[in-house]
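> Okay, handing you the structure first.
The values are calculated or read from the model by the stated rules, or taken from the named source; none is laboratory data. Quantities reported herein were computed from a predicted structural model and do not represent experimental measurements. Don't worry about glycine lacking a Cβ; one is built from the backbone with ideal geometry, like all the others, and counts go over all protein chains shown.
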Amino acid sequence: MPVSVKYSFNQHFNVPARKAYEWCTNYTSADQALMQEKYAKREIQHIAKDILILTDTFAGEKKLTTKQKLVCLYPRQLFWTSTHVTGPNQHSQFLYQIIPENKKHCFLTFTGLHVDYGFKEDTSQKEIARTSRKLKKIDSETWKLLATEMEKELKH
């Protein structure tokens, strides 16, 4: 049975909360370049106004990998979810919420529930904690880069 690995962090943005939310949830086929995936492709399927499926395909070391994510948007709450439907992280779910600090600043609260199929049920808590720290580091560094890009784009 797989193991769930939970982690969370906050990321500050020097932009208004509504603009940050709109930037984060404005999915395009060019998103993969922003996420530093050089050989990647994104398809976007709108199921409803506030529900979409993202299909990301990228080249790994030896093969192509495809991930499909169900994204549910809650614009009034500045909140969204991303649930991996297929791919190596299948059933993992990520929660995002933009929290206003004042009229010009906000922050993202990120909560990850990573389902790890490589672990066994008897995996030690120490190993799960190590993986949690690793995932937090990777994702928070990515969001620092995204924050810089967002602020650059929205300041113009």
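> Between S140, S132, which is under 11 Å from the mean Cα position of the chain (by Cα) and assigned to a helix (DSSP H, G or I)?
S140
> Out of the residues in segment 100-126 that are touching a Phe, Trp or Tyr at 6+ places or on another chain (Cβ under 8 Å) and in a loop (DSSP other than H, G, I, E, B), state the one that is farthest from A20 (Cα to Cα).
Filtering segment 100-126 for residues that are touching a Phe, Trp or Tyr at 6+ places or on another chain (Cβ under 8 Å) and in a loop (DSSP other than H, G, I, E, B), the one farthest from A20 (Cα to Cα) comes out as E101.
> Of the conditions (1) buried (at least 17 other Cβ atoms within 10 Å of the Cβ); (2) touching a residue at least 60 places away in the same chain (Cβ under 8 Å), I99 satisfies every one except a single condition; which number is it?
Here I99 clears every test but (1).
> Another question, if that's okay. Would you check if K69 is part of a strand (DSSP E or B) and among the basic types (K, R)?
Here the answer is yes, as K69 does meet what is asked.
> Select from segment 123-156 the residues that are touching a strand residue (DSSP E or B) at 6+ places or on another chain (Cβ under 6 Å), closer than 16 Å to H12 by Cα and not charged (D, E, K, R) and list them in ascending order.
Once the filter is applied, which keeps residues that are touching a strand residue (DSSP E or B) at 6+ places or on another chain (Cβ under 6 Å), closer than 16 Å to H12 by Cα and not charged (D, E, K, R), segment 123-156 yields S140, W143, A147.
> Next up: Considering K41, K63, which residue is more than 22 Å from S8 (Cβ to Cβ) and touching a helix residue (DSSP H, G or I) at 6+ places or on another chain (Cβ under 9 Å)?
Sole residue among the options that is more than 22 Å from S8 (Cβ to Cβ) and touching a helix residue (DSSP H, G or I) at 6+ places or on another chain (Cβ under 9 Å): K41.
> Separate question: If I ask for residues that are assigned to a loop (DSSP other than H, G, I, E, B) and aliphatic (A, V, I, L, M), which ones from segment 72-99 would you list?
L78, the sole residue that qualifies.
> Output the residues belonging to segment 9-66 that are modelled with pLDDT of 80 or more, part of a helix (DSSP H, G or I), more than 22 Å from L135 (Cβ to Cβ) and under 15 Å from the mean Cα position of the chain (by Cα).
Across segment 9-66, the qualifying residues are A20, Y21, E22, W23.
> Still on this structure, I have one more. If the requirement is being within 13 Å of the chain's Cα centre (by Cα) and either modelled with pLDDT under 95 or on the phi < 0 side of the Ramachandran plot (or both), which of these qualifies: Q93, Q125?
Q93
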